[in-house]
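We did not get these values from a lab; they are worked out from the coordinates using the rules stated. Computed from a predicted structure; not experimentally measured. Quick reminder, even Gly has a Cβ in these numbers, built from the backbone with ideal geometry, and neighbours come from all protein chains shown.
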Amino acid sequence: RAKAAGRNTMRFFDPSMQSEVSARATLESQLRYGLRDERFLLYYQIQVDRDGAIVGAECLLRWQDEHGGLISPAVFIPLAEQSGLILPIGHWVLHTACTQLAVWSERSETAQLTLAVNISARQFRRTDFVDQVLACIQDTGANPYRLKLEITESLLLDDVEDTVGKMMALKARGVGFALDDFGTGYSSLSYLKRLPFDQLKIDRSFVLDVLTDTNAAAIARTIIALGRTLELAVIAEGVETEEQRDWLAAHGCHAYQGYFFGRPEPLERLSLEAPKTLLRPTARG
Ligand code: C2E
Ligand code: MG
Ligand code: MG
Ligand code: MG
């Protein structure tokens with residue numbers, strides 16, 4: 001008891017801890033007002049197929065602080081998760097994404113594009129999650145077959161029944177699912193077979209090292225082979241170079257996303273209509 005109290009006291013008086021705590025509190029209250037003040041925005045990053053044609057995009061949340069700086073979701077999403085603010089924020093993301101899908105559906109050039117939306121665990125676990133997604137689709141007129149929800153492996157581990165039930169319910173209405181950051185978690189392959197995923201996303205840490213690290217290459221190859229076995233599309237995230245893309249293409253990857261094809265961009269800078277002609281015929285034996 002005394003030891004624990006001593007440790008707490010130490011923590012409390014550690015000046016670096018103190019400022020970390022108040023910085024977090026400030027960030028959290030700024031997040032809270034962020035929605036009201038429209039400080040959140042979506043960036044879009046294109047996804048391309050083997051021929052370099054744009055097949056869709058992933059929307060990535062950005063938060064603009066009062067000085068106009070953009071703050072990375074890697075910083076504020078964990079905080080939003082802890083505080084529960086992820087629920088209204090996540091709803092805003094879904095609604096905004098569906099609104100965009102409905103806009104795209106009005107033009108033949110963009111009507112086929114899919115839009116991937118990241119879903120946090122806490123958002124997914126809400127009892128009304130399925131209804132929330134269906135309401136967004138209904139309110140906006142989005143085509144559910146163009147909407148893809150990205151969830152991570154950690155969701156597969158806890159409460160598999162809940163996960164299966166929600167995925168099945170949305171799948172029945174046309175909504176697709178991608179397993180994000182695949183390879184970094186501990187998902188059991190038997191769950192994978194039970195869950196109605198459409199796509200596996202190879203985590204960017206493996207893509208980054210695919211040409212230099214035999215372990216990363218082996219993992220990427222295994223994921224691609226697994227996709228083939230389970231009849232799931234495989235997309236690589238974080239493709240930054242032509243060499244990485246060529247390696248992935250040679251090993252049978254179906255689709256790509258990364259700085260090589262395009263950075264996440266605000267909608268007004270996003271170029272979707274001209275098919276990318278980045279793919280060159282490669283001489284390969
Ligand atoms: P993620 O879903 O795995 O998204 C991919 C991340 O990799 C994005 O980071 C993207 O900007 C970045 N990226 C894409 N291509 C490249 C590349 O070629 N090289 C490198 N180095 N990075 C690349 P970002 O936008 O900072 O997002 C980080 C994470 O935050 C996302 O990882 C996702 O887990 C989470 N996130 C983003 N938006 C949302 C959202 O609306 N809701 C929730 N719950 N999470 C979100
Ligand atoms: Mg994602
Ligand atoms: Mg990812
Ligand atoms: Mg990732």
query = Tell me, what HN-Hα J-couplings in whole Hz come from the Karplus equation 6.51 cos²θ - 1.76 cosθ + 1.60 at θ = phi - 60° for each residue of region 242-253, using x for Gly and Pro?
reply = 4, 5, 4, 4, 4, 4, 4, 5, 5, 9, x, 6
task = Mind running the shape call on region 104-158? Use the C-alpha gyration tensor, a ≥ b ≥ c as the square roots of the eigenvalues: rounded below 1.5 for a/c, prolate if a/b tops b/c, oblate otherwise.
result = oblate
request  = Name the long-range amide H neighbours of Ala236: under 5 Å, sequence gap of 5 or more, or other chain; modelled H, no Pro or chain starts.
outcome  = Ile202, Ala255, Tyr256, Gln257
remark   = Counting only DSSP beta bridges with both partners in the chain, the antiparallel fraction in percent, to the nearest 5, comes to 40 percent
note = For Tyr44, the net charge from surrounding residues (Cβ-Cβ under 11 Å; K, R +1; D, E -1) works out to 0
remark   = Tilt, helix 129-140 to longest principal axis of the chain (alpha-carbon atoms), in degrees rounded to tens, equals 60 degrees
key: Radius of gyration and Dmax over the Cα atoms of region 146-187, both given in Å   = 10.6, 29
Shape category assigned to region 209-271 from the gyration tensor of Cα positions, a/c cut at 1.5 = oblate
note = Given backbone amide H placed at 1.01 Å from N, residues whose amide H is under 5 Å from that of Asp181, ignoring those fewer than 5 places away on the same chain, are Lys201
Pairwise Lys count, the chain - Cα closer than 28 Å, eight or more residues apart or different chains = 11
task = Quick one: dipole size for the chain, taken about the Cα centre, charges +1 on Lys/Arg Cβ and -1 on Asp/Glu Cβ, in debye to the nearest 20.
result = 520 debye
Sum of side-chain charges, Gly34 neighbourhood, beta-carbon under 13 Å (Lys, Arg +1; Asp, Glu -1) = -1
remark   = Rh_Kirkwood(the chain) over Cα pairs, Å, one decimal, evaluates to 20.5 Å
task = First check a/c for region 65-218, with a ≥ b ≥ c the square roots of the eigenvalues of its C-alpha gyration tensor; if it is under 1.5, answer rounded, and if not, answer prolate when a/b is larger than b/c or oblate otherwise.
result = rounded
message = Suppose each label sits 7 Å from its Cα in the direction of the beta carbon; what would the Glu240-Gln82 distance come out to in nanometres?
response = 2.9 nm
note = Computed for region 40-186: size of charge dipole around the Cα centre, +1 on C-beta of each Lys and Arg, -1 on C-beta of each Asp and Glu, debye to nearest 20, value 300 debye
ask   = If we count every other residue with Cβ under 15 angstrom of Leu189's Cβ, Lys/Arg +1 and Asp/Glu -1, where does the sum land?
value = +1
request  = Could you line up Ile223, Ile77 from fewest to most neighbouring Cβ atoms inside 10 Å?
outcome  = Ile77, Ile223
task = Return one number: the angle in degrees, 0 to 90 and rounded to the nearest 10, between the long axis of the Cα atoms of helix 86-104 and the longest principal axis of the Cα atoms of the chain.
result = 30 degrees
ask   = Taking +1 at the Cβ of each Lys and Arg and -1 at the Cβ of each Asp and Glu, which of Ala111, Ala178, Leu61 sits farthest along the dipole of the chain towards its positive end, judged by Cα position relative to the Cα centre?
value = Ala178
query = Sorted from fewest to most neighbouring beta carbons within 10 Å, what does the list Leu35, Leu208, Leu101 look like?
reply = Leu35, Leu208, Leu101
